[in-house]
Every structure is written in C-alpha cells, then in structure tokens.
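Asks: Below you'll find the structure I mean.
The values are calculated or read from the model by the stated rules, or taken from the named source; none is laboratory data. These figures come from a predicted structure and were not determined experimentally. We place every Cβ from the backbone using ideal geometry, glycine too, and count neighbours over all the protein chains shown. Side chains are part of the model used for accessible areas, which takes the heavy atoms of the whole protein and leaves out ligands, DNA and RNA. Shrake-Rupley method; radii C 1.70, N 1.55, O 1.52, S 1.80 Å.
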Amino acid sequence: FSEMPTDNFVESSFWNFDALFQPQQHPARDQHDTFFLQDPAEAPQLPPGYTSKVKKVHSQGGYGSQGYKSEWRLEEARRNLLRTHTTAASARLLYRLAQQ
C-alpha cells in the first residue's frame with residue numbers, strides 16, 4: 001500500500017461523479033451539496049475513449065447494467081467543482097494505472 005495523491009482539490013464532475021456512476025440527475029449534485037466553480041468553470045479535457053464508455057454505460061447500460069436510461073451530457077461532466085470526496089482521486093489514479 002502506498003499513499004495516493006489527494007492534493008487535487010478542484011475536480012471535474014466527470015471524475016467526481018460520472019466515473020463513479022452517479023447519475024447526472026442525482027440530488028447530491030445540486031448546489032446545496034456541491035460547490036461548483038466559476039473560474040475555471042470547466043475541465044479543459046477529459047479522456048475521450050474512457051469518457052465515451054462512461055457515457056454509454058450511463059445512458060444505455062453495459063457490463064450487466066441497464067444504465068440510467070437518461071441523457072448524459074458532456075457539458076455537465078466538464079463542470080469543475082471542489083472535490084467532494086477522495087474516491088474521485090482513486091478513480092483518476094486507477095484510470096491512469098490502467099493506461100500503463
């Protein structure tokens with residue numbers, strides 16, 4: 001076991017919610033539970049291949065899931081926020097390790 005970098009306090013909604021398969025319509029994403037940023041308001045880039053896989057599972061299902069059967073929006077995934085939990089850092093690190 002080694003420590004994981006958790007000093008990334010600004011996170012995209014993609015890593016904070018979408019990559020962890022929380023629906024984009026989930027109430028925990030509203031402004032009472034999450035602090036969205038105005039500057040920078042959006043993440044500059046998300047991993048294109050992985051983003052499309054996450055979008056498909058959210059909207060259509062996959063891997064035994066039927067998905068949420070709702071629209072998944074890239075604009076929502078790119079919204080920056082103050083990271084709400086360290087699991088977002090875990091998702092980002094696991095993605096990076098899988099790419100190696």
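Asks: Mind listing just one residue for me: the one in region 24-51 that is in contact with a Phe, Trp or Tyr (Cβ under 9 Å, 6 or more places away or on another chain), modelled with pLDDT of 95 or more and of a type outside the set (Phe, Trp, Tyr) and, of those, nearest to ARG73 (Cα to Cα)?
Replies: GLN24
Asks: For region 76-99, which positions are among the aliphatic types (A, V, I, L, M) and open to solvent by less than 70 Å² (accessible area, probe 1.4 Å)?
Replies: Matches in region 76-99: ALA77, LEU81, ALA88, ALA89, ALA91, LEU93.
Asks: Let me ask you something else. Please find, within region 37-55, the residue that is least open to solvent (accessible area, probe 1.4 Å) out of those that are in contact (Cβ under 8 Å) with a residue 40 or more places away in the chain and either more than 19 Å from ARG92 (Cα to Cα) or in a loop (DSSP other than H, G, I, E, B) (or both).
Replies: Of the residues in region 37-55, the ones in contact (Cβ under 8 Å) with a residue 40 or more places away in the chain are 37, 40, 47, 50, 54.
From what's left, either more than 19 Å from ARG92 (Cα to Cα) or in a loop (DSSP other than H, G, I, E, B) (or both): 37, 40, 47.
Working: LEU37: 46, PRO40: 70, PRO47: 21 Å².
Per the stated criteria, the residue is PRO47.
Asks: Can I ask one more? Looking at (1) surrounded by 12 or more Cβ atoms within 10 Å (Cβ to Cβ); (2) touching a residue at least 40 places away in the same chain (Cβ under 8 Å); (3) more than 17 Å from ALA91 (Cβ to Cβ), which one does PRO23 not meet, given that it meets all the others?
Replies: (3)
Asks: Return the total of residues in region 59-75 being out of contact with any His (no Cβ under 9 Å at 6 or more places or on another chain) and either crowded, with 16+ Cβ neighbours inside 10 Å or basic (Lys, Arg) (or both).
Replies: Matching residues across region 59-75 total 3.
Asks: Right, next: May I ask you to list the residues in region 1-23 that are more than 14 Å from GLU75 (Cα to Cα) and small (Gly, Ala, Ser)?
Replies: Scanning region 1-23 gives SER2, ALA19.
Asks: Scan region 4-16 and tell me whether some residue there is open to solvent by less than 50 Å² (accessible area, probe 1.4 Å) and more than 10 Å from the chain's Cα centre (by Cα).
Replies: no
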